[in-house]
1. Can you find a residue in region 22-44 that is at pLDDT below 50, crowded, with 18+ Cβ neighbours inside 10 Å and either assigned by TED's automatic domain parsing to the domain that holds residue 96 or assigned to a helix (DSSP H, G or I) (or both)?
2. Checking the structure you have, find out if any residue of region 614-623 is in contact with a Gly (Cβ under 8 Å, 6 or more places away or on another chain) and under 20 Å from residue 563 (Cα atoms).
3. Determine whether residue 169 is under 18 Å from residue 247 (Cα atoms), surrounded by fewer than 24 Cβ atoms within 10 Å (Cβ to Cβ) and of a type in the set (Ser, Thr, Tyr).
4. Only one residue in 352, 407, 395 is under 30 Å from residue 1011 (Cβ atoms) and of a type outside the set (Phe, Trp, Tyr). Which one?
5. Looking only at region 186-197, filter to residues that are on the phi < 0 side of the Ramachandran plot and surrounded by fewer than 20 Cβ atoms within 10 Å (Cβ to Cβ); which one of those is modelled with the highest pLDDT?
6. Are any of the residues in region 761-775 within 30 Å of residue 659 (Cα to Cα) and either exposed (fewer than 13 other Cβ atoms within 10 Å of the Cβ) or at pLDDT 80 or above (or both)?
7. Are there any pairs, at least 6 apart or on different chains, whose C-beta atoms fall under 9 Å, with the first in region 452-468 and assigned by TED's automatic domain parsing to the domain that holds residue 393 and farther than 22 Å from residue 285 by Cα and the second part of a helix (DSSP H, G or I) and among the charged types (D, E, K, R), and if so, which?
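The values are calculated or read from the model by the stated rules, or taken from the named source; none is laboratory data. Computed from a predicted structure; not experimentally measured. Counting neighbours? That spans all protein chains shown, and the Cβs are built from the backbone with ideal geometry, glycine included.
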Amino acid sequence: MHINRVIVWFITLLFIFSLIAAISISSEKDNTPPFWNTKWSYRQKIDIPIYTNDDYAKYQPIDIHIKFDHNCWAINERKHSIRICCWDGEKWHEIESQIYDLNFIDTTHIDECSLVFLIPGFANGNEKYYVYYDDSEKPSVKYEDHVSVEESYYSYKLLADVSAEAKYYAIKEDGDIIYGVGQEGKILNRPLSQVIAKQKKGTKNFDIFNSDQIASFAFSYYSGSKEEDESSSDQSLVSKKIFVDGNLMVEFGIASESYKKDLRTTAIYKYYYSPYNDKRISIHLRHEVLCNVTVKGEENIDGRYGALLSFKSKNPAIEKMNTGDILPFLHFYDENNEIREYHMNPNPESKKREWIISYDDDADLGEKAWISYDEGENNGKAHAVIFSSSTGIVKSGTKERDGIQLKVAEKEYFRFLGTEIDYASINFGRNSYENGYIHDTNIPGDLVVEFDAEFFTTENGGYRLVEKEASIYQSLVKHRHSRHQDSFFEKKQEMHDLTIITHLGGTRLSYPYLANKTGYPLPVIWVELYKDDNLFLSGVAHRSPLSRASIKFSDIPNGIYLIKVYWKINNSTRFYNGFKVIDLKRDTKIHIICTWQRRIKINIHDQNNIGIQDVNIILLNKDHVAIEKNITNNMGETLLKAPYNFRDPYILRAYFKGFIIYDQEIKKTCRKISLNLNLYDLTVEVKDALDLPPGVDVRPSLSSQKMNTSIRIYPKTVGSGKFLFEKLPAATYTIQISYGGFIYEKTLHIPWNGDHTTIKLNTRFRLIPEIFDSRGNIIQNQDIDIRILREGREIHPAYDIMTIHDYKKDVFLLPPGNYTIKTYYKNNLVGLQNVELTSDRNIKIVTTLQPMLPTLITEAILIFTGIVLVLTLFKKISLCNLLRLIAIAFLIISLLQPWWQLTSIDQNHNTDVERNIKVFILPAAMIETTIYNHIAYLNIASMPQVFVEMLNTIPITTLIASILISISLIPHLSVRGRGLSHLLLITAIVLILFMTILFYIGMSKLCEVSVGGLYGSNMLDVVVNDETLSLPSNWGLSNGFYIYIVSLLPLILSIVLNLRKNFFLRLWRVFL
């Protein structure tokens, strides 16, 4: 009796499942893709690990590993039977593809390989992807070879200190060079191994000086304060190898180490073909520290994993040096799950590193780790480094913190006569500092850091596109693996086999062989393997007429996995019939009992009966493992599907903006759940210390300690300094605004504190103005009045007084923003300068005030010279002494006149702009005067320190020469010690000649690399109010230099006259 009942139940279940299959087949037949080509025997479905309904998913590279259900004919990467085809709902498209990492089971067959192809441009989320293959020979593929990698050599020398020489891998795409990756060599005396130089669009010949952006992936630290104290793993090449050079992807590896052999870096680089202007290169990186080291000197370089390096060079004479830029913004995803913004200074003026972010700012990357160096939010260029994760990267290291921390610096290398070289370095490295702890400057000798990263560039997407790219990359990289990593990294990961056997739940009613052969939508058992909520592997379970449906996954690393089992007909109909969680540590065979699918409909609305979108719904089993997830749509609805479980009724948990809004066990018979949630809006108004809207971009965020999942809630901007948070659950919130290293918080209770609040930013930076006259002398005058304007309105900031270099200076405390600084003397405007204040700044304001001392000295010398001439006429002073005094007068006057001058003026008066640049000796300064709309803008131009030191020696040497000349005027020496007098004069002449030649050579060198030569004329750029104008210009040596040379003539003439007088005197004595 019992046996008969079992038979009846079995026949009943068999009939039900057959009926469902028949109905499904009839309804789905028209939607089932037919076979692409009947000459191919086999096909397997490919599951894409990203959603393709977003336009940005188009042309993303898919790189996955596949195991074939049948033997696949293949000779090599070019001769094989594999084709990737996409069904768009109406017709088939064969997609360009590439295979690599072939695993041969005999000389002509493989059982697995890696596939590379791009999401096609017509993708809309509904297309289907299949791999077709055969066990017999097929024609070779003839796809266009889009990418290649080759070894290359580069050499360039402009000056002794401006040169580069390197061996590198050139990555080419359709004839253009996209990246150069350094093997060995130097640029500006800096090693080049593990350096990626992104080339500009359309580059045919590699040029590192014309790179779009540079990224380094070398480990480094400082053991002293000098550049030569840096130890870096890019200093010496160890090995290199090209692994793959295909039509869509290239792969190669570089290993390098430091000179001290205390650091080693091994990196594998992958580049995928990209028909868009946006480009990306992937890096699998491993840093090893081989002995204990201690950071000294430059403590912000305390174990750098890599850096984005940006150079900006301008030169009016050498076109090749007009390259690069410093972008205005830095954004990154921080440890509070917030996008933090820093302002970069596009024109750094300090000769020492200015740390925009230092180690004590504790700028850690968050879970979705990425860095964006960009032009703004939604538009403009952005260069980014995207990490697979910010955790789990430290593989070993005694007392070493996990994570990635940022340090950012800028510096001006050189600025002179329109030639400028600036530098910015965005460093990512060890998590060396946490608030409340000391700075960790000890790097352990067993430190091993390993992670995946992507160097990404978008031409016009801004950091929001970087955020989107990060989401896609962090999903795709989990499915990429190269067997070359294990061999090149000299390691082997422990791998296992997992065999899954299914029972009941229609598993007997699966026909994988017939479905694959005929193309009809026959039911199959589909198994998916998930790790960390991401699809890891999937495939069809095989079944013979007498066996159960089973599947074997090979080479699976250790870890916890969720197995999902579906009874599937094609791709539009599938039933979630079974699951199991496994902690895989060895080769394992498991059995899964399947049932039937259960459907639970969820409806969630607010107090106005409006559906709530983006509620995360999770279904958990008794062990709190998530077996199914979904998100509500704009109607507040979603559907959960899960296997029916006799013993486990499931727990349903709903999250909205970090809060658990539902967390209950649901009945086995429950099919629908409706929830109501009260939501509120909040308007936040932000003001700075001047009670004005912030002068820089800031964005508040909300968080709550009541959140079960810590997240940040961001608003939309509704006005200047006004932000709207929509649909907030009732709770106690903390509003947070961060700018630079400052964080401001305010606590409020919603809805009890109302729907509007104001938060004030008290961030103030020090603005220290130094006032100079038109010759570069510091002015200390009580009659000088400084007025500060913002957006055309005069403001009255707080200020303090500081003593700097024995001078008392006003220090203004201002919130960040753009300001105009006006300087008045007796109510007359004498100076004007625009300042972008994003950190403490010292500014030099050069006024139109003329110094009195040069005029007084010149007038005194002229009067003195007139008196001396009169005395000479009355024979009170000899002619020789007159000439010597004139020489001294010339020397003094020359020091008060410009020695070199450049003038830019439009002779046709098409523009109301004029520029004049003068080099003075006393004081040593280069004064640039630009007149625009009859308003004079003066500036002290920067000069190389070695040149300034040379200029400072001229007055000292001139003083010595003048003293020697003055000693020669002593009557005793003039009459009786003529030999000594001549020696003093000749020494003075030699000193003057030496200073003349030294200035000539030094100025010539500077002009050679700036305007092209010591003398000349050309069209030069003049920047006025952020507008660049090209004006005809002339330049060359000026009055002071020539007067200095002329001073030699009376000295030489004095010696000649003295010698001539002595000659005739001796001749007269002979005749007597």
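1. Checking region 22-44: at least one residue is at pLDDT below 50, crowded, with 18+ Cβ neighbours inside 10 Å and either assigned by TED's automatic domain parsing to the domain that holds residue 96 or assigned to a helix (DSSP H, G or I) (or both).
2. no
3. yes
4. Numbers: 407 fails: under 30 Å from residue 1011 (Cβ atoms); 395 fails: under 30 Å from residue 1011 (Cβ atoms).
So the residue among 352, 407, 395 that is under 30 Å from residue 1011 (Cβ atoms) and of a type outside the set (Phe, Trp, Tyr) is 352.
5. From region 186-197, those on the phi < 0 side of the Ramachandran plot are 186-187, 190-193, 195-197; that's our starting set.
Restricting the remaining residues to those that are surrounded by fewer than 20 Cβ atoms within 10 Å (Cβ to Cβ) gives 186, 190.
Working: 186: 82, 190: 77.
Ranking the candidates gives 186 first.
6. Residues of region 761-775 that are within 30 Å of residue 659 (Cα to Cα), as a first pass: 761.
Now restrict to residues that are either exposed (fewer than 13 other Cβ atoms within 10 Å of the Cβ) or at pLDDT 80 or above (or both): 761.
Checked against the condition, which is being within 30 Å of residue 659 (Cα to Cα) and either exposed (fewer than 13 other Cβ atoms within 10 Å of the Cβ) or at pLDDT 80 or above (or both), region 761-775 yields at least one hit.
7. Taking only residues 6 or more apart or on different chains, the pairs are 458/469; 461/468; 461/469.
Let's see how each residue does on (1) more than 22 Å from residue 335 (Cα to Cα); (2) surrounded by 19 or more Cβ atoms within 10 Å (Cβ to Cβ); (3) not polar (S, T, N, Q):
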residue: 724; (1), (2), (3): yes, no, yes
residue: 728; (1), (2), (3): yes, yes, yes
residue: 732; (1), (2), (3): no, no, no
residue: 735; (1), (2), (3): no, yes, yes
residue: 742; (1), (2), (3): no, no, yes
residue: 746; (1), (2), (3): no, no, yes
residue: 752; (1), (2), (3): yes, no, yes
residue: 756; (1), (2), (3): yes, no, yes
residue: 759; (1), (2), (3): yes, yes, yes
